[in-house]
Structure formats: C-alpha cells, structure tokens
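Reading through the structure tokens given below for one structure.
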Amino acid sequence: MGAVNFSLLTTDAAALGRPLLAAARQVQRPTMGVIFHAGSQDRAAIAREVARRWPGVPTLIAHGQGVMTEQGEHEGQGAVAGLLASGLTVTPVWSDPDEEDAEDSLSERIEQAGGEGTLLLFLEQLPWASRVPKTLSRSFPRLAVVGGAGSEGPQGVVDQEGEFHQGAAVGLLIRRGGPRVALASGCRILGGWRTVTEAREGTILRVDEEPALEVLSKVARSVEGRPQLMALLPAPEGDPEQPGLRGSRVRPIRGVDPGRKAVMLGEAVAPGSRLAFAVLDGGAARQNLEAALREQARATAGAAASFGLYINCAGRGTSLYGVPHADSRLIKGKFPGVPVVGVMSSFEIAPSPGTATIHFYTGVFALFTAPS
C-alpha cells in the first residue's frame, strides 16, 4: 500500500492537471483517489481532469469549507487537496438524484458491492441526510462509516469508467485495507456527567432532579467571555456511568426556555440518559487530539502507516485555536512522513460498534496502515 498527496490554492480545474499527473507517476497501480475542494469550484471540470489523469481509479470528489494536508490548512478560500493510493479494494457508490429514491439507491449499490468494510461517505446538507449513517448501520451491521457533510450542493464520485456521478450521498466502499479511526472532541466538560431525569424529545427539563437551565447556568459561571456551550451524550459503546470525553457525541445547545427552565438540544434524549454540559475550548481540543493520536499510534504499532484522511469540523481551525494549522501540525508531529488529506466539514461521521454516529466540533482521523 502506498500513497501520495498534494494541495494547491486554485479555483481553476485546469490547474489540477499537473499535480494529478505527478501523483499518477509516483503511485504504482493506484486503486483509490480522494479530492477535497473548497470555494467556488466547477465540480464537473474537476471530475473530467480526474478521469483523464487517473483513468480507472474510483475517486471521491467532496467539498467543504476548507481543505488540508499534513503541511497545513486552507480555510475560507478556493483550494484543492488530493490523494492517490494503492493496495485497496474500492467500489464507488452514490445515491440517485431523485431525493425520494436516494437512500434506497445508495443502499442497493452498497449491497451490490458486498455490504461490509469501511464506507467513506460524504453527504449533501439536506434534512434527511443526518439519518443516513444510522440507517446504513441498521442495514449493514458489518459496515463502518466515516465521513462528513459538505457546505453546499451535491457531492460526487468518479467511477472506474470515468463517469462522474453526483448525489446527496456518495462514497467509496473499501472492502479490504480499511482504517483505524480516532476521534477528538473540541470540548471541555463543565461539572462532570449527570443524569437526565425529565425530558421531552430534544428538550431537557431536569438534570439530577434539578431544572436543566439552572444546572447549565451553575456550571458555566466559571467560564469567561461569551462561550459556546455544548452538551455531550455518551457514545453507544461508552461506560453508562462515566462515559468520558473521547468518543462522546457533541451536540450544540440550540436554545433555552426560561419559562420551563429547560435546555433545547434538537435531539431526542430519554430520561435516565447520561449527559454533560461542556464548552468549546481550544486548549482542550488540542489535548484531546494529542491523546487520540497517541492512542492511535499505540494501537497501530507494528504496522506501517500509509496515509491518513482527516475530517475536521469547520468550527475548529483558526476560529477555535486562534492560530492556523493547529490540527495539521499535531498530526504531522505524531505521524511524520505520512501523507494526509482532509476537509473541513459541516458535521462529521465516525464508526462506533453497532452504529455510525454523527459528531459536531470533532476531528475524525482515519489512519490506513499496511503490515510491516
């Protein structure tokens, strides 16, 4: 397994010809391509360049609010980052343009491709998109899903014949050679984990028998400025008593109801569930990513790291850390010499045992390895 990556600041698809060709000359018998782009781009023109320079290579073409490699991050500007890899068994999948048939058509193509392995999935931001990962987990229990959501319009994929398919959901099903995935929340817990004692759908009324808004106000008193307050829900496989931070699901607080002293999450939470309030915090985000990468390095010791894919929340980056390139530097420091390509996503998708989960303000790093 081998890989090479590139990035450049451009909104001109013709400018991709040279780096695409250079990558093709460096990777023998490539089997998978990934192109992430940001800014105002002609996606069909990008696809034509990919089909021309990487013939026969299934390639994901997904967009976000920024792109990155291990060398740095391009935020809020027209840019493209790409990666070409070998040694993987990959099948492109996509949903049909008709929204009513989108989920069924995607599932049908996944089933035809074997229905198991790792699905690199990217979604258009539509009302039904957030339910797709969970639906796929129910239908395909041996399928791990990792990916994210674009900032606007459909995503795309180029198949082995060079045809470009756009849809609300597209992906690459990796049947052999899938990655190990690490998660890093951008939050710091305030006041520890608690139990939801009364809730109606996405409205939290009482926590530990106290009004939820009073609990939130109490734990947030020590936070200076105008913090972005969040709620954490346990990951499906987490310890129900002390779920911890890593792998927990970050959920933005959508609002408060002073009359009922309630907190609104916009996601159904059952009474008896564990919950923690948290604040978006650059220092904590850095520590969380460092810890996740250390654990990932230990878990993959004895295998040669080939390349990485990083799906990072668009709410992280410079706006969170106050400086650019924070996450890319951490990844490069832990895995020097490993080519990485990434995108800044509206939300992130990561696999958990039994279900694929949507995350916010989270970095998801998928590391592909080959036995040493």
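The values are calculated or read from the model by the stated rules, or taken from the named source; none is laboratory data. Worth saying up front: this structure is predicted, and the values here are computed from it rather than measured. So basically every Cβ, Gly included, is an ideal-geometry build from the backbone, and we count neighbours across all protein chains shown.
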What are the residues in the range 29-60 that are polar (S, T, N, Q) and either out of contact with any strand residue (DSSP E or B) (no Cβ under 6 Å at 6 or more places or on another chain) or surrounded by 22 or more Cβ atoms within 10 Å (Cβ to Cβ) (or both), if any? 40, 41, 59
Across the range 286-321, which residue is surrounded by the fewest Cβ atoms within 10 Å (Cβ to Cβ) among those that are free of Cβ contacts under 8 Å to residues at least 40 places away in the same chain and in a helix (DSSP H, G or I)? 298
Looking at the range 44-53, is at least one residue touching a Ser or Thr at 6+ places or on another chain (Cβ under 7 Å) and closer than 23 Å to residue 352 by Cα? no
Check on residue 72, in the same structural domain as residue 31 (by TED's automatic domain parsing), surrounded by fewer than 22 Cβ atoms within 10 Å (Cβ to Cβ) and at positive phi: yes
Exactly one condition in (1) within 20 Å of residue 89 (Cβ to Cβ); (2) under 14 Å from the mean Cα position of the chain (by Cα) is false for residue 177; which is it? (2)
Hey, can you tell me all the residues within the range 336-372 that are polar (S, T, N, Q), under 14 Å from residue 249 (Cα atoms) and at pLDDT below 90? 352, 355, 357
Answer yes or no: is there a residue in the range 23-33 that is under 21 Å from residue 123 (Cα atoms) and touching a residue at least 60 places away in the same chain (Cβ under 8 Å). yes
Exactly one condition in (1) out of contact with any Lys or Arg (no Cβ under 8 Å at 6 or more places or on another chain); (2) crowded, with 23+ Cβ neighbours inside 10 Å is false for residue 22; which is it? (2)
Look at the range 14-37 and say how many of its residues are outside any loop (DSSP other than H, G, I, E, B) and either over 16 Å from residue 147 (Cβ atoms) or at pLDDT below 95 (or both). 15
Taking the range 332-356 as the region of interest, how many residues are under 18 Å from the mean Cα position of the chain (by Cα) and over 22 Å from residue 23 (Cα atoms)? 13
Residues within the range 183-203 that are part of a strand (DSSP E or B) and either surrounded by 24 or more Cβ atoms within 10 Å (Cβ to Cβ) or among the aromatic types (Phe, Trp, Tyr) (or both), tallied: 5
Looking only at the range 356-372, decide whether some residue is more than 24 Å from residue 189 (Cβ to Cβ), in contact with a strand residue (DSSP E or B) (Cβ under 6 Å, 6 or more places away or on another chain) and not in a strand (DSSP E or B). yes
